[in-house]
Amino acid sequence: MNCAPFDLRDYCLHELSAAERQQVESHVKGCGPCREELDRLRLTETALLTLREEEIPQRIAFVSDKIFEPSPWRRAWEGFWGSGARLGFASAAMLSVALIVFSLAHTAGSPAAPLTVGVSNTSVSNAQLQQKVQQLEQRVADLNRRSQEQDQVMQRAADAFDYLERQNSSVERAGYIQRPANGDFK
Amino acid sequence: MIFRAVEDADLIQQAARGQMEAYNLLVSRWEKRVYNYLLRITGNREDALDLTQDAFLKAYQNLRKLEDPARFAPWLYRIAHNEAYSLFRKRRPETDVAELETEGTDTGITVGGSSVFPLELSLAVASALERLSPEQREAVVLKIYQGFKFEEMAEILSCPVSTVKSRVYAALELLKIELAPIKSRGVS
């Protein structure tokens with residue numbers, strides 16, 4: 001047992017703050033028994049540290065398993081289209097753009113329409129409007145069909161990339177491999 | 001302190017996103033230390049190597065569960081500790097883990113003669129460590145050789161800080177006695 005302000009073992013084991021260490025050091029200067037005890041602890045620590053660390057016989061390295069890992073193409077594709085919210089947002093955005101384009105085109109065609117419109121003119125305008133809406137619906141349907149076709153093409157492309165990557169990574173099939181200590185892979 | 005262009009925390013984040021190269025770099029930084037920790041508590045090189053591989057594999061599989069990258073070291077050592085103790089239990093299921101001893105010489109080095117050579121000193125230290133209980137030995141390894149703080153050791157060993165302290169203190173007292181004859185001659 002010692003009379004130091006803090007445990008000398010904590011001092012030796014670097015568990016004290018700088019201020020606490022300073023207090024211990026100034027105490028030890030004037031206290032013989034504590035100084036001897038601290039010397040014994042330091043010597044024990046020094047002796048322990050003569051036991052050196054060993055080199056690891058085989059270095060450890062991991063490789064990714066491409067067999068089970070999706071390709072970057074597929075990850076990007078699924079990342080974008082995998083979300084229903086994104087798909088819905090994209091559809092809504094397309095419809096909004098179509099409506100804006102339609103309204104701009106319609107107003108540009110009749111910039112200064114008179115306030116007093118004849119019955120026959122109104123009926124003609126309504127018919128034209130119906131026709132335009134139908135055309136627009138047709139175009140939106142066409143766009144959707146083309147988008148689906150593009151989806152299918154991209155899906156096939158992603159599958160093809162996956163297949164190619166699997167072919168290329170057949171040597172790296174293991175979950176992890178060891179590499180020798182010189183750093184060269186087996 | 002060695003300057004590192006990329007900190008461990010960055011590597012952990014990259015590895016958690018699936019970048020294997022980042023994880024390999026992290027492994028290369030820690031493999032020697034983890035191996036030596038496991039070697040000191042198992043006393044067997046082959047076991048230590050197998051356990052090191054298992055620990056790093058398990059760490060990779062659970063990397064996303066690591067909330068604070070700054071706590072990577074204690075977290076990794078906790079995994080290594082668990083792997084080692086599950087091996088001990090598998091090998092000697094009927095034996096209490098606290099009673100397990102590392103394989104090695106039953107009789108320690110008898111220090112005699114007038115001088116102590118470094119090899120002799122190392123053997124004497126190894127022998128003195130073997131005489132400690134497995135828990136005391138692991139505490140000394142984590143504190144002296146791995147440089148963990150008491151709090152981190154408590155996290156690794158899953159026990160209170162007070163328990164960690166008492167193990168380290170008790171081990172130091174024993175080592176002080178065991179190594180006293182050597183110190184008086186060989187170490188200054």
(request) Hey, can you grab everything whose amide H is under 5 Å from the amide H of A:GLN58? Only 5+ residues off in sequence or another chain; H modelled, so Pro and N-termini drop out. (result) none
(request) Using a/c under 1.5 as the rounded threshold, could you call segment A:8-52 rounded, prolate or oblate? The axes a ≥ b ≥ c are square roots of the C-alpha gyration tensor eigenvalues, and prolate needs a/b larger than b/c, oblate otherwise. (result) oblate
(request) Can you list which of the trypsin sites (Lys or Arg not before Pro) found in segment A:1-44 are DSSP loop residues with at most 14 other C-beta atoms within 10 Å? (result) none
(request) Specify whether the C-alpha gyration tensor of segment B:1-101 places it in the rounded, prolate or oblate class, a ≥ b ≥ c being the square roots of the eigenvalues: rounded for a/c under 1.5, otherwise prolate if a/b is larger than b/c and oblate if not. (result) prolate
(request) Pairs to check: B:LYS90/B:LYS176; A:LYS29/B:LYS176; B:LYS90/B:LYS149; B:LYS149/B:LYS176; B:LYS32/B:LYS65. Give those whose C-alpha atoms are more than 26 Å from each other in this structure. (result) B:LYS90/B:LYS176; B:LYS90/B:LYS149
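Where does the charge balance sit around B:ARG78 when Lys and Arg score +1, Asp and Glu -1, over other residues with C-beta under 11 Å from its C-beta?
Local net charge: -1.
Throughout, read-outs are computed from the coordinates displayed, never taken from laboratory work. From a predicted model like this one, the values you see are computed outputs, not experimental measurements. Don't worry about glycine lacking a Cβ; one is built from the backbone with ideal geometry, like all the others, and counts go over all protein chains shown.
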